[in-house]
Amino acid sequence: MYLERTPGPLVELGFNNSHNEQFDKRSHSIKVGDVVPDSPAERGGLRAGDQIIGVNGQPLITSAPYDDAYARGKPGDSVVLTVLRAHQANPVELHCNFRFCPKGAPPEGLAKSSAVQVMRSFPVLFLLVGLTVLFLRLNDPNAWLLASLFCGFVAVPGFSHEVVMSPALRSFAVAYQGIFSSMLCPLFYIFFAVFPARSPLDRRFGWLKWVALLFGLGMAAEGAVIGDLGAPGVAAGVFGDHAGESVRLSLMYGNYLFLTLGLISLGGNALAGSSDPVVRRKSRVILWGTVVGVLPIIVERAAMAFTEYRPSFWVNAILIIICALYPLSFGYAVVKHRVMEIPVLLRRSARYFLVQRGFTVLLFVVAFSAIAFFSHTLSRFFQPNPRAGMMFSAMFGIALVWASAPLVKRGTQRIDRAFFRSAYDARVILQDLAEKARTVTSRGELAELLRQHLEKALHPKHFVCYFAAGDSKLIAECGTIPPRAEALSTGQMTLALLTLRGKSWDVPLPGEAGMEDLGVLAPLAPECLVPILDHAGQLSGLLVLGQRLSEEPYSSEDKRLLDSVASQAGIAIENFGLAEKMAERMEVDRRVARDMEIAREVQSRLFPQFLPPLQTLQYTGACIQARVVGGDYYDFLDLGTGRLGIVLADISGKGIAAALLMANLQANLRSRYMVALEDPHLLLQSVNRLFFDNTPEDSYATLFYADYDDANHCLRYANCGHNPPLLLRANGAIERLGATATVLGLFTNWSCEVKKVSLGPGDVLVIYTDGVTEAPSQAGEEFGESRLQKIVRAQPQLPVKEMLAVILDEVEQFSGASQADDLTLVIARAQ
């Protein structure tokens with residue numbers, strides 16, 4: 001062994017033992033790795049693979065006899081080793097003499113010796129983090145549990161024989177190791193059963209943690225009296241071989257059971273065991289550090305305990321180093337993610353000084369170690385010329401400084417940001433908030449954006465964001481919302497005064513006057529209320545901030561920042577309101593458009609779908625509406641064999657109102673048109689009465705009604721205030737079928753005259769609404785009846801459908817792209 005102790009000479013026997021020179025508690029032995037040639041160990045008969053089970057006649061129940069022999073040994077002193085050797089049933093005693101161990105590099109090389117030194121520092125971080133948390137949270141039972149748990153981790157490696165200590169101190173160290181190593185697994189479960197909140201497993205089986213406590217205390221007490229019962233030799237010596245093995249296995253199973261229950265408890269809180277999102281967040285942060293740092297070495301030790309598996313040096317070293325970093329992950333979780341809310345007990349400046357200097361020292365240590373390693377490596381290649389090695393080392397140091405400069409700057413900025421609020425530039429927060437506020441699409445996203453920015457800048461213990469709901473209520477959008485505080489009335493006196501003030505307000509201390517009407521917020525212990533106002537000065541939101549984690553009051557600079565953020569949020573909320581109104585309007589327009597489309601489809605069904613056949617008359621009709629629906633109406637009524645009723649009407653008004661009146665008129669005509677066979681006058685009089693009774697006072701209709709008899713070519717008609725239809729005779733003469741009555745729907749005492757006219761072969765009848773003749777041009781000139789007559793006279797022999805298309809095309813070309821009124825035409829030709 002290459003060992004060093006102070007004071008006194010260095011001694012060795014000349015062998016390296018396996019598994020990082022560790023005492024194997026399972027076999028109560030130290031396994032020899034390799035033996036140095038011509039060493040006292042080789043001369044005494046020690047071989048690689050031997051297991052040392054005793055030193056100077058004392059069995060290795062613990063490593064104390066082995067440690068004492070090295071601690072007290074001097075060069076030349078004799079030492080008796082009791083070893084177990086493969087393929088030999090009985091132990092062998094070997095006599096060796098210590099020799100002086102000169103200083104120098106250990107045979108295992110720089111990398112392995114460095115790893116050994118790191119592994120020996122295993123307890124340091126556990127002690128540092130555990131005692132720091134305990135010092136800052138002396139009244140917190142969880143802090144005591146954490147410190148006790150970390151003390152258990154400290155006790156696991158044991159105490160090296162390299163350390164010289166008095167017998168009393170060594171007895172204390174051995175007792176400490178026995179007690180806390182026995183309590184480690186039970187404490188692991190107890191801690192995670194109650195932290196950061198009671199786990200689902202503990203809520204259901206609360207007695208388990210007391211069983212774990214009794215189990216650990218029992219193991220600690222028995223270990224202090226009769227040794228470690230988890231080892232085969234001790235248990236067998238107390239209970240006998242068979243019973244001792246059963247006791248040893250039971251204790252090991254118990255320890256690993258509590259480790260498993262601890263992981264289950266932590267995982268339960270992290271995944272779905274708590275309804276509190278804060279508890280789930282804290283548990284997830286701790287869970288990942290525990291899984292990465294502790295779970296691998298638990299698996300390794302379980303494999304070593306229950307199987308013949310023995311890891312290599314480097315596997316064991318890596319797992320131990322990872323486990324040694326576990327307290328760092330826990331400390332990061334405490335500081336960064338606030339899994340334990342540690343108040344600042346020291347002045348911020350002192351904290352900043354310590355952390356900044358600690359960061360500087362850490363950088364120095366890392367740089368010095370890197371340069372030393374580089375120099376040591378190069379010295380092997382430049383032994384004849386050490387100046388060249390020094391030159392390359394200097395170049396490496398310069399390159400290291402240059403490469404690490406950005407990291408140093410970034411680390412310094414993060415320290416400034418973490419410890420001094422003023423270093424966290426308010427303009428950065430506002431700029432980032434302004435940019436992201438343009439992209440959020442809901443109040444919920446804005447509330448979450450505010451929470452992230454303000455918690456990052458000010459670190460309040462509690463934060464709730466309220467937005468106005470439009471019914472004199474403020475509704476909580478995000479944050480830790482107390483019961484009965486989901487909604488606040490804007491009519492409360494405190495909120496009214498806060499609105500008038502228009503700025504951040506420090507909440508009075510308990511017992512002082514003010515804020516009595518907002519008692520529902522008491523669980524948040526609010527320290528600052530920030531109103532969010534719209535451009536009219538009305539309250540559109542409220543930010544409630546609890547005490548800061550630093551326990552410092554909100555400064556005037558903090559309040560200016562909060563007021564600026566609230567102003568930005570007020571603009572965003574107003575934009576949301578405008579967007580919501582636009583969306584509502586667009587939805588209404590969409591629904592109206594859909595309703596109008598349905599109305600258009602329904603109205604199109606009111607026009608004739610079938611043309612009753614006649615022998616002596618060709619006819620057709622069309623209606624082109626200026627809007628989706630309109631008030632023009634035409635119809636062809638089947639009055640029996642050889643009889644046809646022709647109707648064309650123009651309802652006053654336009655759009656949906658005219659369309660409804662048109663449907664009313666169509667229903668009246670269709671329901672009573674059989675009366676027209678005997679007396680068209682009675683039909684129209686009845687329709688007038690119904691139209692008068694069922695429409696507004698200012699509503700009326702012009703109408704042309706005619707019935708044609710196919711047998712005698714006779715056309716009876718009544719013109720109720722409508723544009724006179726044009727009758728183009730075959731000889732080119734044009735007759736106008738003028739009004740025979742006033743409009744329908746304005747008067748109760750209404751009558752009409754029915755006239756007759758005979759249609760000869762080639763005669764053309766054109767019935768139209770004023771939308772045709774009054775169609776305006778771009779210059780404001782109307783199409784007029786004369787242009788209509790000219791078109792009809794120019795092409796009298798055209799089929800009726802083609803003539804109708806020509807007329808509509810001429811009107812469209814005359815008026816341009818715009819259509820002011822419905823265009824309705826009926827054309828008939830006698831043959």
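From E557, E551, E580, grab the single residue that is modelled with pLDDT under 80 and at positive phi.
Only one candidate qualifies: E551.
Tell me which residues, restricted to region 536-576, are more than 25 Å from T494 (Cα to Cα) and under 24 Å from the mean Cα position of the chain (by Cα).
N575, F576
Got a sec? Which of F126, F100, F122 is among the aromatic types (F, W, Y), open to solvent by less than 70 Å² (accessible area, probe 1.4 Å) and modelled with pLDDT of 75 or more?
Exactly one residue qualifies, and that residue is F126.
For P696, all conditions in the list (1) in a loop (DSSP other than H, G, I, E, B); (2) within 24 Å of L614 (Cβ to Cβ); (3) open to solvent by 60 Å² or more (accessible area, probe 1.4 Å); (4) not acidic (D, E) hold save one; what is the number of the exception?
The single condition P696 does not satisfy is (2).
Taking helices (runs of 4 or more DSSP H) that do not extend beyond region 738-831, which have at least 1 residues that are surrounded by fewer than 16 Cβ atoms within 10 Å (Cβ to Cβ)?
In region 738-831, the matching helices (runs of 4 or more DSSP H) lie at 784-794, 800-815.
Answer yes or no as to whether E435 is more than 23 Å from Q538 (Cβ to Cβ), open to solvent by 20 Å² or more (accessible area, probe 1.4 Å) and either modelled with pLDDT of 80 or more or part of a helix (DSSP H, G or I) (or both).
Here the answer is yes, as E435 does meet what is asked.
Mind listing whichever residues of region 32-49 are within 18 Å of S78 (Cβ to Cβ) and in a loop (DSSP other than H, G, I, E, B)?
Within region 32-49, S39, G44, G45, L46 qualify.
May I ask you to list the residues in region 50-81 that are charged (D, E, K, R), open to solvent by less than 20 Å² (accessible area, probe 1.4 Å) and either closer than 26 Å to F172 by Cβ or assigned to a strand (DSSP E or B) (or both)?
D67
Would you point out which residue out of I573, I646 is at pLDDT 85 or above and either farther than 21 Å from Q452 by Cα or of a type outside the set (D, E) (or both)?
Answer to the selection: I646.
Would it be correct to say that F172 is modelled with pLDDT under 80, over 30 Å from G14 (Cβ atoms) and surrounded by fewer than 19 Cβ atoms within 10 Å (Cβ to Cβ)?
In short, yes.
Looking at (1) at pLDDT below 85; (2) of a type outside the set (S, T, Y); (3) surrounded by fewer than 17 Cβ atoms within 10 Å (Cβ to Cβ), which is the one condition that is false for V285?
So V285 meets the others, but not (3).
Looking at region 614-639 only, could you name the residues that are touching a Pro at 6+ places or on another chain (Cβ under 9 Å) and farther than 16 Å from V766 by Cα?
The answer is T616, L637, D638, L639.
Does any residue of region 583-600 turn out to be at pLDDT below 85, crowded, with 16+ Cβ neighbours inside 10 Å and not basic (K, R)?
Yes, region 583-600 has at least one match.
Quick check on A711: is it aliphatic (A, V, I, L, M) and either surrounded by 21 or more Cβ atoms within 10 Å (Cβ to Cβ) or in a helix (DSSP H, G or I) (or both)?
no
The values are calculated or read from the model by the stated rules, or taken from the named source; none is laboratory data. Computed from a prediction, not measured in an experiment: that's the story for all the values here. So basically every Cβ, Gly included, is an ideal-geometry build from the backbone, and we count neighbours across all protein chains shown. Quick note on the areas: whole protein, heavy atoms, side chains included, nothing else; ligands and nucleic acids left out. Shrake-Rupley method; radii C 1.70, N 1.55, O 1.52, S 1.80 Å.
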